[in-house]
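Novice: Below: one structure in structure tokens.
The values are calculated or read from the model by the stated rules, or taken from the named source; none is laboratory data. These numbers were taken from a predicted model, which means no experiment stands behind them. Here the Cβ positions follow ideal geometry from the backbone for every residue, glycine too, while neighbour counts run over all protein chains shown. Accessible surface is based on the protein model in full, side chains and every heavy atom, while ligands, DNA and RNA are left aside. Shrake-Rupley method; radii C 1.70, N 1.55, O 1.52, S 1.80 Å.
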Amino acid sequence: MTDRRLFEHELEERLDRVLFASPSHRSITRLAQSLETLSRRQQDKVLHWAGVAAKTYAEIGYLLATLAPQAFELLDDDGFDAWVIAGLDAYDRQGLRPAMELLRDLEGFRAEREGRALARYADVEARLTRFVHGLSGRPLALRNVGSGNPAWTDTEILFLPDLLAERSSAEDNRRLFKATAALLWAQTRYGTFSVDIDAAIADLPDRPQALAWLTLLEAVRLDARIAQELPGLAREMAELRGPWPDGLAPALPRLQAATATVQDSLALLREFVAAGGVPPRLTFLGTLDPTAARRVRAERIAKETKVLRNALAALKGAGGRKQGGEAVLDIAPGEDGAMEIRVDGDVVALPPEAQAAAQALVQDLGELPPEALSPAGSGGWLPTDLAGPGTDLVNDRDADFRYDEWDYHRSAYRKGWCHVYEVEVKPGDADYVEEVGNRHRALISQIRRRFEAVRGEDRVLGRQPEGEEIDLDAQVDAHIDRRSGIEPSPRLFCRRIRNERSMAAMFMVDMSGSTKGWVNDAERESLIMLCEALEALGDDYAIYGFSGWTRTRCDIYRIKAFGDRYDDAVKRRIAGIEARDYTRMGVAIRHLTRLLAAQPVRHKLLVTLSDGRPDDFGDEYRGTYGIEDTRQALHEARRQGIRSYCVTIDRHGADYLKRMVGPAAYTVLDEVGKLPTKIADIYRRLTAN
Amino acid sequence: MDLLSPQLASIDDEPYYQPVGEEVGLFEAAAARRLPVLLKGPTGCGKTRFVEYMAWKLKRPLVTVACHDDLTTADLLGRYLIVGSETVWMDGPLTAAVRAGAICYLDEIVEARKDTTVVIHPLADSRRVLTVDKRGELLPAPDDFLLVISYNPGYQSILKEIKPSTRQRFIALEFDYPSAELEAQIVASEGGVDEALAKKLVKLGELTRNLKGQGLDEGASTRLLVHAAQIVSAGRTPIEAANAAIARALTDDPDMTQTLDDLVRAVF
Ligand SMILES: Nc1ncnc2c1ncn2[C@@H]1O[C@H](COP(=O)(O)OP(=O)(O)O)[C@@H](O)[C@H]1O
Ligand SMILES: [Mg+2]
């Protein structure tokens, strides 16, 4: 056997053989090409392991061979074997996906093998996002750029690597993540992209090198800016980085001056390029993509200018108090230097959306450009001007309400995003409720008895040391006591104790298409049980259904409003509940929260009945987005003093629920049939006094 | 029956108050025209201190009531007490303030129940009288009596909004956190720390305010910054002080605590 390297055609033939089971007609040729440069020993290893793996699962064999050249760059022979074995092991124990993930994460595998405690993007994402939010007034999102790529920002998103393993401790690697993010934040905050960098370096022959110098020089400048405002952070970054290389010494005074701008970095960059050196490689510098940043920045400025102009136009139109004719709009710097906007001479505040836009413009441009300060031609300010194209339906009538929606990508609300229409349910069969009542007679009378016992009343406590009223009985006793020379009791007052069941409940019923059939029947029956129970109890309650089709048509169906009596009309509406479209839960929670919050009672309870995860037409709401928005809406409810309880019917369990319900509690019923008997019990437990 | 009305002290020493806008002049004008005043603004931004200062400036006694949801009409107006063998009427703070021609400050008015706050209505309009039902007394307010209420519009709760019918009786003064420079002066002076440290605390305040709605219901108030400064001037390190007085005071959530720790360490 010779150890001559195999040529492409030989490799191809052998790969064909070992990967014979492969269902794909992927290009074995390309694979063979990529393996040609490996040594014979390495080639044999690949063929061996690919064959072994393909016997287990063809995809893994193929993936392994594809990744092999990269793997040999990062790992020695033993490391390569260990990598393959770990991958096959993962397949045996956890299945295909985890195995493929493990194999793809070569950097991670190497770091772990070398005993280095790495930090992963996924583990630091949440904490870093909050940190960056704290630092910057404006929303900057974090994203993962994948392994091996340098960090960079387009001025709206900070792109960070998949994992960092440069340092030996996980803690240090996490700090490295933080330093990386902080430097990118500083680029957006202190004007790295405030000039046209592409134009400024267009005449330099070696663009990558010019950008590398600029990245470095900017890092020096930004570091000084950070040190001024956030000395603790600057110290931490300096510890990770160590002192600046000696070669930079001549540039330091200029870059570290308080007045330095990106222009200084650009000027110095020319000197360094002219001197012919190579920029030293330092840790956590990342890279610059001025072209992308410039485009994103220009889009943002245009968008924000528009928001501001529209807001001004709305102020001008709406704020006018002078008879016939428009208001006089006056914009000038106020005493403290900030822009002051006057309508007819009175200082007015911009709507929050416009305020944020103005602030962002100042951050981008240093001041508000004149074109942003001239009101838009006509028409009022609509937050939907911000909306991008999408699958939204157009409606022929104005929404009854609008609600913000939580976008977890941005960690921010999309303002006025969801359009709510409050409609009444079409009345259903008049006999339905009676029929259900007959069918469940025993259960209903049991529920009634139990709930009547719970009912509480206002009570007056007598013989209290203080209170609103004098307790006459006690007074008489005291009088007698005094007459007979006994020390009278000082407990001479009455105090009114409020009915502790001062409580209102809102039931939110899923009317999405997926409830068609059994679930819908169970929901309607449950509501009848509930009504019986609540009528016995005397708590005020309301029932609303929800369904919809995209954010521009979120329908809320009124079935029973607070204060409505449980009469024939309500009963017929319960009968009329039917399966309709989609499940955009967040907006429904927000609207019903608003109705519930307005109830003048002490305890407020929101109960959601649904049959699975939130979902809407188009991909956007499905999955994490909808879960996070729902969670946020429940948080908002909580903040308004509303306790929420989610009842979900889901045969497949509900792994997402724990995350979704956030501050609320929940029950998962794996069988719809249980709902009617369970629901009253759930309510009683929730409101026990 | 005897009547007891508490003695109301006036404020002799000038309270430290750093004006942030036109509030002093507006308040004086309202007082001169006997119009009730509503102070709007987040907690800890100087509303209480401002009222103390104005009471001193106008040389009137000050009665402050912190409202809460168990506050009854009797708690404001007064009640009968048995003292020894006598039944005595004891004025509540509002009645006492009316009798004495004082400033009555109802702090966080929305926290009180609606049926309690109705007693201020006839005091807040041109009638300027207080009805003490239990005694059958109709008490006209002297010229020096001034009603001041405060509320924090930051509550998202619809329940905790002032009814327009109440609100429209008042001259409204809007309070917010002062500008960074003024706030640093306040923190330095109230907290007994140097300006450099005060500036850092104010910076930290600004960062926490960025997180409002992103996991924090409110950012750090001026009050919290002053507290942190006071802990430093009592000998603790700035990081300790900021953690104890600001970070832990703002949240119980472990994730958020971690983020606030990060921000504290970034600033100091
Ligand atoms: N303008 C100000 N001048 C002086 N001190 C202030 C000012 N604003 C806030 N403070 C400080 O903040 C603390 C809290 O203010 P306070 O008046 O109690 O707030 P609020 O009544 O608005 O909740 C005060 O004790 C004071 O130390
Ligand atoms: Mg559904």
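Novice: Once the Cα atoms of helix B:254-267 and of chain B are each reduced to a long axis, what angle between those two axes, in degrees from 0 to 90 to the nearest 10, is obtained?
Specialist: 70 degrees
Novice: When each pair of different Cα atoms in chain B is counted once in the 1/r mean, what is the Kirkwood radius in angstroms, to one decimal? Can you show the working numbers first?
Specialist: Details: mean 1/r = 0.0495 Å⁻¹.
One over the average 1/r among Cα pairs gives 20.2 Å for chain B.
Novice: Right, here's the next one. For A:Gln33 and A:Val476 in one chain, what is 0.36 nm times their gap in residues minus the Cα-Cα distance, to one decimal in nm?
Specialist: Numbers: separation 443, 0.36 × 443 = 159.48 nm, distance 10.78 nm.
Stretched out fully, the A:Gln33 to A:Val476 stretch lengthens by 148.7 nm.
Novice: Over the range A:532-689, what is the relative contact order in percent, taking alpha-carbon pairs closer than 8 angstrom and at least six residues apart? Don't skip to the end; give the middle numbers.
Specialist: On the way: 229 pairs, mean separation 28.2, N = 158.
The value is 18 percent.
Novice: Taking 7 Å along the Cα-to-C-beta vector as the label spot, tell me the A:Arg496-A:Asp398 distance in nanometres, rounded to one decimal.
Specialist: 4.2 nm
Novice: Also, quick follow-up: Separation between the B:Ser126 and A:Glu112 pseudo-spin-labels, each 7 Å from Cα along Cα→Cβ, expressed in nm?
Specialist: For the pair B:Ser126/A:Glu112, the computed spacing is 8.1 nm.
Novice: Threshold 20 Å², probe 1.4 Å: give the residues of the range A:118-134, in number order, that are less accessible with all protein chains present than with their chain alone.
Specialist: A:Arg127, A:Arg130, A:Phe131, A:His133, A:Gly134
Novice: Give a quick list of GluC sites (Glu not before Pro) in the range B:1-63 that DSSP marks as loop, anything other than H, G, I, E or B, with at most 14 other Cβ atoms within 10 Å. Working shown, then result.
Specialist: Working: sites: B:Glu22, B:Glu23, B:Glu28, B:Glu52; in loops: B:Glu22.
Taking the range B:1-63 and a limit of 14 other Cβ atoms within 10 Å, the loop GluC sites (Glu not before Pro) found are B:Glu22.
Novice: Using a probe of 1.4 angstrom, how much of the accessible area of the range A:502-687 is carbon and sulfur, in percent?
Specialist: Numbers: 2800 of 6430 Å².
Carbon with sulfur: 44 percent of the solvent-accessible area.
Novice: Same structure again: Tell me, what are the semi-axes, in whole angstrom and largest first, of the equivalent ellipsoid of the protein assembly as shown as set by the roots of 5 times the Cα gyration tensor eigenvalues? Write down the numbers at each step before the final one.
Specialist: Values: eigenvalues 704, 350, 151 Å².
Over the Cα atoms of the protein assembly as shown, the semi-axes work out to 59, 42, 28 Å.
Novice: How much length, in nm to one decimal, is gained on full extension between B:Thr257 and B:Ser85, taken as 0.36 nm per residue of separation minus their Cα-Cα distance? Walk me through the intermediate numbers first.
Specialist: Working: separation 172, 0.36 × 172 = 61.92 nm, distance 5.65 nm.
Taking 0.36 nm per residue and subtracting the Cα distance, the gain is 56.3 nm.
Novice: Turning to a different aspect of this structure: Which lysines have a Cα lying under 27 Å from the Cα of B:Lys57, excluding residues fewer than 8 positions away in the same chain?
Specialist: Those lysines meeting the cut-off are B:Lys40, B:Lys47.
Novice: Please report the net charge: other residues with Cβ closer than 10 Å to the Cβ of A:Gln33, K and R +1, D and E -1.
Specialist: Working: positive: A:Arg30; negative: A:Glu8, A:Glu12, A:Glu36.
In short, -2.
Novice: With respect to the cross-link table entries A:Lys178/A:Lys303; A:Lys178/B:Lys199; A:Lys178/A:Lys658; A:Lys306/A:Lys415; A:Lys426/A:Lys516, which display a Cα-Cα separation exceeding 18 Å? List each step's numbers first, then the result.
Specialist: Details: A:Lys178/A:Lys303 30 Å; A:Lys178/B:Lys199 24 Å; A:Lys178/A:Lys658 29 Å; A:Lys306/A:Lys415 15 Å; A:Lys426/A:Lys516 16 Å.
Violating the 18 Å limit, Cα to Cα: A:Lys178/A:Lys303; A:Lys178/B:Lys199; A:Lys178/A:Lys658.
Novice: Compute the projected area of the convex hull of the Cα atoms of the range B:180-267, averaged over all viewing directions, and report it in nm² to one decimal place. If you can, show how the numbers build up before the last one.
Specialist: Working: hull surface 19.1 nm².
Projected over every direction and averaged, the Cα hull of the range B:180-267 covers 4.8 nm².
Novice: Heavy-atom accessible area of A:Arg496 with all protein chains present, probe 1.4 Å, nearest 10 Å²?
Specialist: 140 Å²
Novice: Continuing with the same structure: Return, ordered by residue number, the residues of the range A:249-269 whose backbone nitrogen is under 13 Å from a label point located 7 Å along Cα→Cβ of A:Leu204.
Specialist: Under cut-off, by backbone N: A:263-269.
Novice: First obtain the Kirkwood hydrodynamic radius of the range A:121-288 from its Cα pairs, then insert it into the Stokes-Einstein equation at 25 °C and 0.890 mPa s, and state the resulting D in µm² per second as a whole number. Don't skip to the answer; put the middle values down first.
Specialist: Working: Rh = 16.3 Å.
Using the Kirkwood radius from Cα pairs, D works out to 151 µm²/s.
Novice: Next up: Sum up the charges of everything whose Cβ sits under 12 Å from the Cβ of A:Val145, counting Lys and Arg as +1 and Asp and Glu as -1, but leave A:Val145 out. Display every interim value, and only then the final one.
Specialist: Details: positive: A:Arg143; negative: A:Asp154, A:Asp162, A:Asp289.
Surrounding charge for A:Val145 is -2.
Novice: Note down the nm distance, to one decimal, between modelled labels 7 Å out along Cα→Cβ at B:Thr237 and at A:Arg5.
Specialist: Once both label points are built, they end up 5.7 nm from each other.
Novice: What residues in the range A:203-232 lose 10 Å² or more of accessible surface when the other protein chains are added to their chain alone (1.4 Å probe)?
Specialist: Those residues are A:Glu229, A:Leu230, A:Pro231, A:Gly232.
Novice: In the range B:90-179, how does Rg compare with the Kirkwood Rh, expressed as the Rg/Rh ratio over alpha carbon atoms?
Specialist: Numbers: Rg = 14.1 Å, Rh = 14.2 Å.
Checking Rg against Rh, the ratio lands at 0.99.
Novice: How many Å³ per residue does the convex hull of the Cα positions in the range A:466-559 occupy?
Specialist: Working: hull volume 13.9 nm³, N = 94.
Here the figure is 148 Å³ per residue.
Novice: Protein chains only, probe 1.4 Å: how do B:Ser189, B:Ser221 rank by accessible area, largest first?
Specialist: Working: B:Ser189 65, B:Ser221 5 Å².
Putting B:Ser189, B:Ser221 in descending order of accessible area: B:Ser189, B:Ser221.
Novice: Please calculate how many Å² of accessible area the protein assembly as shown carries per residue, with a 1.4 Å probe and no DNA, RNA or ligand atoms counted.
Specialist: Here the per-residue accessible area is 46 Å².
Novice: For n ≥ 4 DSSP H runs only, could you compute -39500 (n - 2.57) per run for chain B, divide by its residues and tell me the 222 nm figure to the nearest 500? Write down the numbers at each step before the final one.
Specialist: Details: 12 runs with 106 residues, N = 268.
My calculation for chain B gives -11000 deg cm²/dmol from helical runs alone.
Novice: Starting from the Cα-Cα distance between A:Asp172 and A:Lys674, subtract it from 0.36 nm times their residue separation and give me the gain in nm to one decimal. Before the final figure, lay out the partial values.
Specialist: Numbers: separation 502, 0.36 × 502 = 180.72 nm, distance 5.25 nm.
Extending this stretch completely gives an extra 175.5 nm.
Novice: Nearest 100 Å², what total accessible surface is buried between chain A and chain B (probe 1.4 Å)?
Specialist: Numbers: alone 34010 and 13440 Å², together 44420 Å².
Approximately 3000 Å² gets buried when A meets B.
Novice: Using R₀ = 56 Å, calculate the FRET efficiency as 1/(1 + (r/R₀)^6) where r is the Cβ-Cβ separation of B:Tyr16 and A:Asp76; round to 0.05. Don't skip to the answer; put the middle values down first.
Specialist: Values: r = 70 Å, r/R0 = 1.26.
That pair, B:Tyr16 with A:Asp76, gives E of 0.20.
Novice: Using the Karplus equation 6.51 cos²θ - 1.76 cosθ + 1.60 (θ = phi - 60°), what ³J(HN,Hα) coupling, rounded to whole Hz, does each residue of the range B:111-128 give in order, writing x for Gly and Pro?
Specialist: 6, 7, 6, 4, 5, 7, 6, 4, 5, 7, 3, x, 7, 8, 10, 5, 5, 6
Novice: Now a separate question. Kindly list the residues of the range A:556-576 that lie in the label zone of A:Val423, defined by a backbone N under 14 Å from the point 7 Å along the Cα-to-C-beta vector.
Specialist: Residues passing the 14 Å test: A:556-559.
Novice: Could you work out the helix-only [θ] at 222 nm for chain A, with each DSSP H run of four or more residues adding -39,500 (n - 2.57) and the total divided by the number of residues, to the nearest 500 deg cm²/dmol? Provide the component values of the computation, followed by the final result.
Specialist: Numbers: 25 runs with 330 residues, N = 689.
Taking each H run of at least 4 residues, the total per residue is -15000 deg cm²/dmol.
Novice: Let me ask you something else. Take the Cβ-Cβ distance between A:Arg602 and B:Val118 as r, set R0 to 22 Å, and report the resulting FRET efficiency rounded to the nearest 0.05.
Specialist: Numbers: r = 19 Å, r/R0 = 0.84.
For R0 = 22 Å, the calculated efficiency reads 0.75.
Novice: May I ask for the net charge around A:Leu443, where only other residues with Cβ less than 13 Å from the Cβ of A:Leu443 are counted and Lys, Arg are +1 while Asp, Glu are -1?
Specialist: Working: positive: A:Arg439, A:Arg441, A:Arg448, A:Arg449, A:Arg450, A:Lys674, A:Lys678; negative: A:Glu525, A:Glu532, A:Asp681.
Taking every other residue near A:Leu443 into account, the sum is +4.
Novice: Sort all Cα-Cα distances of the range A:459-498 into consecutive 5 angstrom bins from zero, then give the percent of pairs in each bin up to the one containing the longest distance.
Specialist: Spelled out bin by bin, the range A:459-498 gives 7, 29, 28, 18, 10, 6, 2, 0 percent.
Novice: Ignoring ligands, DNA and RNA, what percent of the accessible area of chain B is carbon or sulfur (1.4 Å)?
Specialist: Of all accessible area on chain B, carbon and sulfur atoms account for 50 percent.
Novice: Counting only protein heavy atoms and using a 1.4 Å probe, what share of the accessible area of the range A:66-126 belongs to carbon plus sulfur, as a whole percent? Show your work: numbers first, answer last.
Specialist: Details: 1400 of 3180 Å².
Answer for the range A:66-126 is 44 percent, counting heavy atoms of protein chains only.
Novice: B:Lys134 to B:Thr43: FRET efficiency via 1/(1 + (r/R0)^6), r the Cβ-Cβ distance, R0 51 Å, to the nearest 0.05? Mind dumping the intermediate values first?
Specialist: On the way: r = 34 Å, r/R0 = 0.66.
Computed FRET efficiency for B:Lys134 and B:Thr43 comes out at 0.95.
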